[in-house]
Amino acid sequence: MIPRFKIALCICITGLAAILYSCNSSVVPPATTARTPEDTLAVFTPPDTSTIPNTPFGELVRYGRELIVNTAHYIGPNGIVGKYAGNKLNCGSCHLDGGTRPFGFNYFSTHANYPQYRGRENEILSLGQRINNCVERPLNGKPLSLNSREIIAMECYIKWLGNSVPIGGHVPGDGALELEYPNRPASPENGRVIYQKHCASCHQPEGQGLLKPDSSSYQYPPLWGMNSYQSGSSTHRVLKMARFVKANMPHNIAKWDKPVLTDEEAIDVAAFVNDDQIHPRPGKPRTLVYPDYSRIDVKPIDYGTGPYRDTFSEMQHKFGPYQPIIDYHKANNLPVIF
Ligand code: HEC
Ligand code: HEC
């Protein structure tokens with residue numbers, strides 16, 4: 001832990017951009033090889049929960065898993081531990097199967113890659129701070145104390161899950177599916193049709209989701225509206241969401257190696273869900289310690305708020321076409337970040 005932190009910090013100080021980006025897994029796509037059905041067996045298999053040890057560490061691992069799967073019960077708006085999250089999403093609404101599903105925003109190599117340089121904050125964040133980012137943004141809440149039993153438990157679970165991944169390493173199935181980008185802007189209008197056909201039955205016609213009968217949390221989480229994730233969340237980015245959707249939605253029907261949507265359909269439906277002209281959602285957290293992207297050269301390609309180091313509009317960054325932006329970045333020695 002400590003040497004990694006020191007190395008990363010030292011690299012950041014030297015400002016050697018090329019090397020600096022290599023300490024951020026969201027900059028360099030993981031060397032994931034599994035892409036076809038034949039590769040399915042090569043995907044990382046996390047340990048079975050029955051192997052969680054009966055030790056004080058194991059107790060925390062179990063509690064951490066509970067918190068990630070049943071987040072609202074513990075830290076939701078009526079949480080028994082405290083009212084931290086501002087909505088009733090669970091971590092597991094996005095980090096599918098408790099963060100164990102290939103290409104489902106899993107935690108396979110998370111512990112192996114934290115602390116990590118984060119472009120958004122232009123800082124080294126610990127795993128606990130990164131968890132709080134998700135409490136603040138997708139859960140629209142306020143951060144927990146980094147010394148709380150809850151943060152430590154979630155860290156322990158994420159460590160246990162990825163314990164066999166070497167420090168700084170990546171495994172097949174982590175990160176996101178790669179997509180081919182259409183040679184046109186993403187179309188929220190096409191996305192609306194795809195949404196009605198493939199998503200509305202669960203996420204509901206107005207994107208509001210469906211609460212469980214006891215209202216404790218969601219059967220189907222909302223995709224927009226004031227009970228959904230904030231505009232400061234990664235999920236609010238079109239490509240970030242499209243990659244997840246292609247691999248995982250419709251839920252339990254699509255699989256990363258058996259997708260239902262084409263790349264274009266996944267991008268269009270993500271554009272529809274994340275179009276701020278049609279769908280309101282909560283704004284960015286009020287408690288920002290660091291301004292977002294004080295260094296504009298580390299903004300992801302599909303980040304919809306300028307300014308940028310390139311010449312493309314906010315509209316094009318958000319909705320594409322993305323390839324000209326990527327080509328421009330490569331030609332001008334600017335990083336290509338997703
Ligand atoms: C609305 C969706 C959503 C919810 C809810 C959510 N997250 Fe996230 N989380 C994301 C996305 C998107 C990322 C970025 C993943 C990526 O870049 O591949 C992320 C990233 C993370 C990471 C960094 C993973 C890595 O390997 O870099 C951690 C840790 C994390 N989330 C923990 C949590 C925890 C714990 C909760 C609940 C307290 C939570 N998240 C709730 C969407 C969500
Ligand atoms: C069969 C029901 C079903 C269908 C159809 C479905 N989803 Fe989901 N979706 C879910 C469930 C359930 C979850 C949360 C998983 C969990 O809690 O384990 C989810 C989670 C999500 C999430 C992450 C959580 C959030 O609130 O942002 C996104 C994004 C999403 N779905 C998008 C889509 C899109 C886009 C479609 C259509 C292409 C779709 N889903 C179709 C059931 C469905």
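The table below gives the values:
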item	result
Protection proxy ranking of 62-72, 218-228 - average other beta-carbon atoms within 10 Å, highest first	62-72, 218-228
Overall dimensions of segment 158-235 by Cα: Rg and Dmax, Å	17.5, 46
Trypsin sites (Lys or Arg not before Pro) restricted to DSSP loop in segment 257-324 with at most 13 other C-beta within 10 Å	Arg286, Arg295
Neighbour-count ranking [beta-carbon atoms within 10 angstrom, fewest first] of Val81, Val238	Val81, Val238
Residue-count net charge about Arg286 - beta-carbon cut-off 10 Å; Lys, Arg +1, Asp, Glu -1	+1
Distance from segment 137-164 to segment 73-88 (C-alpha centre basis), Å	14 Å
12 Å beta-carbon shell around Val81, net charge (K/R +1, D/E -1)	0
Listed residues Tyr157, Gly98, Met249: farthest to the positive end of the dipole of the chain (Cβ charges)	Tyr157
Tensor-based shape of the chain (alpha-carbon gyration tensor, a/c under 1.5 rounded, otherwise prolate or oblate)	rounded
Relative contact order (%) - the chain, alpha-carbon pairs under 8 angstrom, separation at least six	18 percent
Other-chain or far-sequence residues with amide H under 5 Å of Tyr220's (modelled H)	Leu210
Nearest-20 debye value, the chain charge dipole, Cβ charges on Lys, Arg, Asp, Glu	700 debye
Selected from Pro307, Ala270, Ile326, residue furthest toward positive end of dipole (segment 245-338; charges at beta carbon)	Pro307
Span from the segment 170-191 Cα centroid across to the segment 302-323 one, whole angstrom	16 Å
When each of Lys142/Lys284; Lys258/Lys330; Lys197/Lys258; Lys83/Lys212; Lys197/Lys255; Lys197/Lys246 is checked by Cα-Cα distance, pairs over 22 Å	Lys258/Lys330
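All of the numbers you see were taken from the coordinates with simple rules; none came from a lab. The shown structure was predicted, so the numbers you read here are calculated from the model rather than taken from an experiment. For neighbour counting, all protein chains shown are included, and Cβ atoms are generated from backbone atoms with ideal geometry for every residue, glycine included.
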